[in-house]
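All of the numbers you see were taken from the coordinates with simple rules; none came from a lab. Quick caveat: nothing in here was measured; it's all calculated off a predicted structure. Here the Cβ is made from the backbone with ideal geometry for all residues, glycine too, and neighbour counts use every protein chain on show.
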Amino acid sequence: MGIVLKGATVITAVDSYAADVRLEGETIAGIGADLSQAGDAVLDVAGCYLFPGGIDPHTHLDLPVGDFSTADDFASGTAAAVCGGTTTIIDFATQNRGETLQAALANWHAKAQGKCFADYGFHMAITDWRDDVNCAMEDMVKLGVTSFKLYMAYKNVLQVEDGVIFRALQRSREIGALIGLHCENGDVVAALVRQALQAGNTAPKFHPLTRPAAAEREAVSRAIALAEMAAAPVYIVHLSTAAGFRLITEARTRGIPVYAETCPQYLLLDESRYETEDFSGAKYVMSPPLRRPEDAAMLWRGLKTGMLDTVATDHCSFNYAGQKDRGRHDFSKIPNGAPGIEHRLGLLYTYGVCTGRIGLNQFVALTSTNAAKLFGLFPRKGTIAAGSDADIIVWDPAPRTTITAAGQRQRVDYTPYEGFELAGRVRHVFLRGRQVVEGGRLKESPCGKYLSRRSFTGKGGGVCLPSF
Ligand code: URP
Ligand code: ZN
Ligand code: ZN
């Protein structure tokens, strides 16, 4: 017995066409006309789009920061994700200093197992480079963790030295992994923060002033040079500046395999959010910080021209009350990060597709296909094709809704997008053939599975990802 989704338009990263889609078991059994067999359920979805389930390759769920953790754990975060059309997340397992990568991975498995409403994989964030870590990277790849993140910022906490980045890049090439880099010059940021606090500048508005665009530009430039010297591909996470973007474009046109991600906050919000006399700028304290509207305009052009590969959320939610206000008298103590996992597709569809900044096929590439290709999930995930996992979003383009904290599923007491109008919404969601969202409502218990990902090949599988 299968399910036939009837009367919609199928949208992939390369095609848009009218067809019915038949799901059987966990996969897509057929695409075409007259597909229904005896016993099948037929769902009339005329007027809707069918998108491949969204993939958010950058989330932080149940992340401890000092003596508390992010507001969203794997249950609340993935419930919000599927309601917003994201059926796969890749979260950051993070190594504590002194810990083995194996222990860090076991820790993150324990946080996620049995709690997820979406399928999930892990990147591994390396914070403490040692000889055993060098060996353990290969073990990670065997366990399906085929990407790593290193931080060029957060001095004395997460930041690693250039030599470590270089060696990790070399190692990634040997073992078929992809290194993601957080690009900000952490030494300069630390000095600026110290100077600001010494001068009595403690309000949230000093957060962006101590993390200038040049700190990202310098780190992106260094990241590209390190990748070039190691002859390894690199993935720049949460890019926020036009200056960083120009460097990436220049490197790519020289044939250097530099991939890049941006996030809705850098496309839709700007630094004016920090200009408040009260503490509410803390809601936007994230790293890198929000930038100028000109930066956002350049990032949109990057999406349009295919020079940026993915739109992720960097979902890292902290309540305004009780968590963000730990930094009420010292902006450097405000936990960094903002929520977004629920609204990624809605925001990119409304402010990207509906405004003509990107096309529908680009929307699918940016929210799903390219991440699947970069992170070893394609064609199981990231497309609508016979044999792929039946992860399908039935998207109704007609409704108009407004984002509010009161109406969101994310378990956090604010949203940076309060009052943003959305065009279109998720009607139904299928995760490996199971209907997890019906009429916009979550209907399943947690049935997300761990995804052991394939190694990085650099081939991208063909269509929209450049093969260098
Ligand atoms: O402010 C942010 N982005 N917090 C999450 C950690 C990171 O740097 O990705
Ligand atoms: Zn980061
Ligand atoms: Zn992050």
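Amide H neighbours of Thr27 under 5 Å, counting only residues 5+ apart in sequence or on other chains, H built in-plane at 1.01 Å?
Ala390
Any idea what % of Cα-Cα pairs in the chain are farther than 34 Å?
Result: 28 percent of Cα pairs exceed 34 Å.
Please report the Cα spread of the stretch 313-468 along all three principal axes, rounded to whole Å, starting with the longest.
Computed over the Cα atoms, the extents are 53, 37, 36 Å.
Write down Rg/Rh for the stretch 75-129, rounded to two decimals, with Rg from the C-alpha atoms and Rh from the Kirkwood relation over Cα pairs.
On the Cα set of the stretch 75-129, Rg over Rh gives 1.05.
Roughly what would the spin-label model give for Glu99 and Leu197, points 7 Å off Cα along C-beta, in nm?
If labels sit at Glu99 and Leu197, their model points lie 2.4 nm apart.
Would you pull out the residues with amide H under 5 Å of Ile236's amide H, same chain only if 5 or more places away, H placed 1.01 Å from N?
Those qualifying (amide H under 5 Å, at least 5 residues apart or on another chain) are Leu181, Tyr259, Ala260, Glu261.
For the stretch 73-169, what percent of Cα pairs sit more than 22 Å apart?
That tail contains 33 percent of the Cα-Cα pairs.
Which of Lys115/Lys149; Lys6/Lys283; Lys115/Lys333; Lys304/Lys333 have a Cα-Cα distance over 32 Å?
Beyond 32 Å: Lys6/Lys283; Lys304/Lys333.
Read phi for every residue in the stretch 285-291 and hand back ³J(HN,Hα) as whole Hz from Karplus 6.51 cos²θ - 1.76 cosθ + 1.60, θ = phi - 60°, with x for Gly and Pro.
6, 8, 10, x, x, 5, 10
Tell me, His58, His428 in order of fewest to most beta-carbon neighbours within 10 Å?
In order of increasing Cβ crowding within 10 Å: His428, His58.
Out of residues 5 or more away from Arg425 or on other chains, whose amide H comes under 5 Å of its own, with H placed 1.01 Å from N in the peptide plane?
Close amide H contacts, sequence-distant or interchain: Asp396, Ala398.
Beyond 19 Å, how much of the Cα-Cα pair distribution for the stretch 245-336 remains, as a whole percent?
Of the Cα pairs, 49 percent sit more than 19 Å apart.
What FRET efficiency would be calculated for the residue pair Arg292, Asn107, taking the C-beta separation as r and a Förster radius of 45 Å, to the nearest 0.05?
After rounding, the FRET efficiency stands at 0.70.
Kindly provide the GluC sites (Glu not before Pro) of the stretch 383-452 that DSSP labels as loop, not H, G, I, E or B, and whose Cβ sees at most 16 other Cβ atoms within 10 Å.
When the GluC sites (Glu not before Pro) of the stretch 383-452 are filtered for loop state and at most 16 Cβ neighbours within 10 Å, Glu418, Glu444 remain.
Indicate, rounded to the nearest 5 percent, the antiparallel portion of the DSSP beta bridges found entirely in the stretch 1-71.
Bridges in the stretch 1-71 that DSSP calls antiparallel: roughly 70 percent.
Please sort 223-233, 337-347 by packing, taking for each peptide the average over its residues of neighbouring beta carbons within 10 angstrom, highest first.
With the highest mean Cβ count within 10 Å placed first, the list reads 337-347, 223-233.
Using alpha carbons only, how many angstrom separate the centre of the stretch 149-199 from the centre of the stretch 298-345?
18
What number do you get for the stretch 298-366 when its Cα radius of gyration is normalised by 2.2 N^0.38 Å, N = residues?
Compactness ratio reported: 1.44.
With both bridge residues required to lie in the chain, what share of the DSSP beta bridges run antiparallel, to the nearest 5%?
45
Please label the shape of the stretch 122-217 as rounded, prolate or oblate, based on the square roots a ≥ b ≥ c of the eigenvalues of the alpha-carbon gyration tensor (a/c under 1.5 means rounded; beyond that, a/b larger than b/c means prolate, else oblate).
Judged from the Cα gyration tensor, the stretch 122-217 comes out prolate (a/c at least 1.5, a/b above b/c).
So how many Å³ per residue does the convex hull of the Cα atoms of the stretch 18-125 work out to?
Convex hull of Cα atoms, per residue: 129 Å³.
From the backbone phi of the stretch 296-302, what are the Karplus-calculated ³J(HN,Hα) couplings (6.51 cos²θ - 1.76 cosθ + 1.60, θ = phi - 60°) in whole Hz, Gly and Pro given as x?
Result, rounded to whole Hz: 4, 4, 5, 5, 4, 5, x.
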